[in-house]
Structures are given as structure tokens and as C-alpha cells.
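The structure appears right after this line, and notes come after that.
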Amino acid sequence: MEKISAELFFQEGKQIIDRLEKEQLGNIKKAAQLMAKSILNNGVVHIFGPGHSKSFAMELVHRAGGLAPCSGIALDDLVTKAENPITFEELRQPETERDPQTAHELLKIHDIQPGDAMIICSNSGRNGSAVELALEMKKRGIPLIGVTSLAHSKKTEARHPSGKRIFEIADIVIDNCGPYGDAAISLEALDTKVCSVSSVSNMFIAQALTAETIKLILNEGEIPPVFISLNVDGADEHNEKIKTRYEGRVHW
């Protein structure tokens, strides 16, 4: 009988989280310093997560207990926010994520200013849109944090003319400690592994960044701009007051 179960995935997930703490806590703290510096100087932290990495941005943007000046950049914006929107069918095509020009279309939508910071979360770190956005941030002097799987990215070739991947561009790289191919459990009956783990580690990375950034802001004697859950009484008034500070700069 194949060795696969919910218990086995819990074991795999715990091992990933243990590795994150042991191997990546230092990089998480360094990344939080960039985020805190930007926020303390009235900047915004922009987060781009294509594909399933969109969930990483969702974990930071407009999140209960999260920092307000976190702005999400998503491929979906090309449908919902672009001056010349693409179709949902075009959005679903792999070429949209792989095309470097996609990054420039997204930059027409999002207001990234000096003093801001950028996080790009991409498990493979190889696709054209993410790499082009990373290179553009370097040109603009925007501090760049990359969240990626080094095990995966180092085994693949870039889908960008530069030949670069995210870990070769970012100022600080946080390895999500996931395996090549993302899925973690091998089965004799299948030619492929099952049960992806990047979402598990990405959520821990996102919330660890939030915690460390809030700590650094408090250490400077400032009150961090934090959202309250919309399902708590009085949250609407609290959140709207915070939103006013970042009107037109943050996409929630």
C-alpha cells in the first residue's frame, strides 16, 4: 500500500517550517528592515505574486492584523484595472506570465515611487513577467525582496532574454525551502509527486515579515498602520481612516 496520508503531509509541512526558521530567519529579518524603512518614510511595499504565488500577496494585502501600506500587483489587474484590458481567456494563457512585456503593462497601473519597496514571490523565479519586473526595480533603485524556491529555480533556465532568475537579481532572497517541482510526496503508482508545499511556507514567510516589520516600526517609537478584521465591530471606521493616508497609492 502506498505511504500517503494527511498525517504524512503534516510531517512534510512541519519539516519545511522548521527549515524556514533555521535557514531563512536571518533573511526574513533583513527583508523586514527594508519594509520597515520604507513604511517609516511613508513608502509603500508592493507585492507581486503570479500564478499560485498570488496567495502570498493576498496574505499581506488588506489583511486583518496586517500592514496597510502593502499594495498587491496581480496578473488579474490586466483584466480589471488596465486601460486596455485583456480578456480572461488571455489571462489564463501561460504566455501572459511568461512575457516580459506583461511587467510593463502592470507598471502602467501601479504607482511605484522612490522610497517604496518591492517583494516578488515566484516559486520558480524564471518567468518573463517576474524577472522583467525585478530588473525594472533594479533600474529604478527600488529595494527588491525575492521569495522563491532555490531548489527549483537553480534547476531551471530563465524564460527571460537576460537569462536571469529572481534569486540572481533580488537584494535579499528568501528561500521557501520547497523542493523542485513544488510537490513533496513521492508515490510508486505515479510518475509525479503530489501535494505542493510552497503555499504553506509562503504563508509563514508573509506573516513572519509582518511580525518583524511591526516590531521594527514600534522600536522607532511609531504606531504601525495595521488593519482590523472587517468582521470586528468598529473596524470599518478604523480601516477607512488608515486607508485615507495611502489613497491612490495602494491597491487593496
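The values are calculated or read from the model by the stated rules, or taken from the named source; none is laboratory data. Source: prediction; values computed, not measured. All Cβ positions, even for glycine, are placed from backbone atoms using ideal geometry, and neighbour counts span all protein chains on display.
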* Looking only at residues in the range 209-249 that are β-branched (Val, Ile, Thr) and in a helix (DSSP H, G or I), which one is surrounded by the most Cβ atoms within 10 Å (Cβ to Cβ)? -> 213
* Asked: What are the residues in the range 66-91 that are surrounded by fewer than 12 Cβ atoms within 10 Å (Cβ to Cβ), charged (D, E, K, R) and not in a loop (DSSP other than H, G, I, E, B), if any?
  -> 89
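One line per residue, one yes/no per condition, for (1) out of contact with any helix residue (DSSP H, G or I) (no Cβ under 6 Å at 6 or more places or on another chain); (2) surrounded by fewer than 22 Cβ atoms within 10 Å (Cβ to Cβ):
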| site | (1), (2) |
| --- | --- |
| 4 | yes, yes |
| 7 | yes, yes |
| 13 | no, yes |
| 30 | yes, yes |
| 35 | no, no |
| 44 | yes, no |
| 55 | no, yes |
| 61 | yes, no |
* Which residues, taken from the range 144-184, are in a loop (DSSP other than H, G, I, E, B) and surrounded by 21 or more Cβ atoms within 10 Å (Cβ to Cβ)? -> 149, 160, 165, 169, 170, 176, 177, 178
* Kindly provide the set of residues from the range 95-124 that are in a helix (DSSP H, G or I) and either modelled with pLDDT under 95 or in contact with a helix residue (DSSP H, G or I) (Cβ under 8 Å, 6 or more places away or on another chain) (or both), ordered by number. => 96, 97, 98, 101, 102, 103, 104, 105, 106, 107
* Asked: Given the residues 199, 162, which is the only one that is under 17 Å from residue 122 (Cβ atoms), touching a Ser or Thr at 6+ places or on another chain (Cβ under 6 Å) and polar (S, T, N, Q)?
  -> 199
* To do: Just give me the residues in the range 131-143 being hydrophobic (A, V, I, L, M, F, W, C) and either in a strand (DSSP E or B) or touching a strand residue (DSSP E or B) at 6+ places or on another chain (Cβ under 7 Å) (or both), in sequence order.
  => 133, 134, 137, 142
* **Top-ranked residue in the range 109-134 [being without any contact (Cβ under 8 Å) to a residue 40 or more places away in the chain and under 23 Å from residue 33 (Cβ atoms); ranked as surrounded by the fewest Cβ atoms within 10 Å (Cβ to Cβ)]** => 114
* **residue 105 vs. criteria surrounded by 16 or more Cβ atoms within 10 Å (Cβ to Cβ) and out of contact with any strand residue (DSSP E or B) (no Cβ under 8 Å at 6 or more places or on another chain)** => yes
* Of residues in the range 193-208 being on the phi < 0 side of the Ramachandran plot and either among the acidic types (Asp, Glu) or not in a helix (DSSP H, G or I) (or both), the one surrounded by the most Cβ atoms within 10 Å (Cβ to Cβ) -> 197
* Asked: In the range 82-99, is there at least one residue being in contact (Cβ under 8 Å) with a residue 24 or more places away in the chain and on the phi > 0 side of the Ramachandran plot?
  -> no
